[in-house]
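Laboratory data are not the source of any read-out in this text; all were calculated from the coordinates shown. Everything numeric here is computed off the predicted structure, so don't read it as measured data. When we count neighbours, we look across all protein chains shown, and the Cβ atoms used for this are built from the backbone with ideal geometry, even at glycine.
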Amino acid sequence: KHVAIFASGTGSNAQKIIDHFKYSEKIKISLIVCNKAGAGVLKIAANENMPVLLIEKQWFRLTGYVSELKKQHIDFIVLAGFLWKIPPVLTEAFENRIINIHPALLPDYGGKGMYGSAVHAAVLAAKEKQSGITIHFVDEKYDHGKIIFQSTCPVDENDTVESLSKKIHELEHRFYAKQIEKLLEAGE
Ligand code: GRF
């Protein structure tokens, strides 16, 4: 199966996923789709000799780049810090075949504007005792599709946005690739 990773940030999750499947015969990470020139993930893609599709907002909303993805035989899409809403043309073409990772325990702390440090700041402000990660299917609403997997971590009194973000990234790196593998193997 051919997987495209949609990422527009530093790409630490993308790197973990690429590493995880490097020697897999069944699952190939074959494309990086990015919406930000200069994003760290582009360097990772270059190091890994991986094709990149750098995309533009209007055209993405209109076409979802579905024909390019089909041309490259993409079966499954993994979002890892992509941040743009996925247009209906794309969710329809890849129904139940697009997943996202969110750095909190959905359905709380999700929705528009809830990404990166804003999520952790909101969790800390609410004095939550725990936070975590959510892996979920993607539909046309932000952070809304069916939940596949969650894992939690404690939030301590002296946690900061940085320390919480570090804990969450560790969970993401530990679980995302494995969950992708599980899903793709179950769907064979
Ligand atoms: C992750 O924290 C993920 O939850 C969110 O975007 C971040 C991407 O981080 N959706 P990185 O670029 O993989 O380091």
The distance between the Cα centres of region 127-160 and region 1-80, in whole Å, is 23
Hey, for a label at Glu157 modelled as a point 7 Å past Cα toward Cβ, could you say which residues of region 100-138 have their backbone N under 18 Å away?
124-131
Of Ala177, Ala80, Ala126, which is the most mobile in a GNM of the chain whose springs link Cα atoms less than 10 angstrom apart?
Ala126
If R₀ is 22 angstrom, what is the calculated FRET efficiency for the pair Lys178 and Lys28, using the beta carbon separation as r and rounding to 0.05?
0.85
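Report the Rg/Rh value for the chain, based on alpha-carbon coordinates and the Kirkwood definition of Rh.
Details: Rg = 16.0 Å, Rh = 16.8 Å.
Rounded to two decimals, Rg over Rh is 0.95.
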Considering the chain as a Gaussian network with a 10 Å cut-off on Cα pairs, which listed residue, His73, His120, His102, attains the greatest mean-square fluctuation?
His73
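Compute, for the chain, the length of the dipole vector about the Cα centre, with Cβ point charges of +1 (Lys, Arg) and -1 (Asp, Glu) only. Units Debye, rounded to 20. Could the numbers behind the result be given before it?
Numbers: 23 positive and 22 negative charges, 67 e Å.
About 320 debye.
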Zone of Lys112's modelled label, taken as backbone nitrogen in region 62-100 under 14 Å from a point 7 Å along Cα→Cβ
84-86
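So in the chain, what percent of DSSP beta bridges are antiparallel if you round to the nearest 5?
Numbers: 11 of 26 bridges.
Expressed as a percentage, antiparallel bridges in the chain total about 40.
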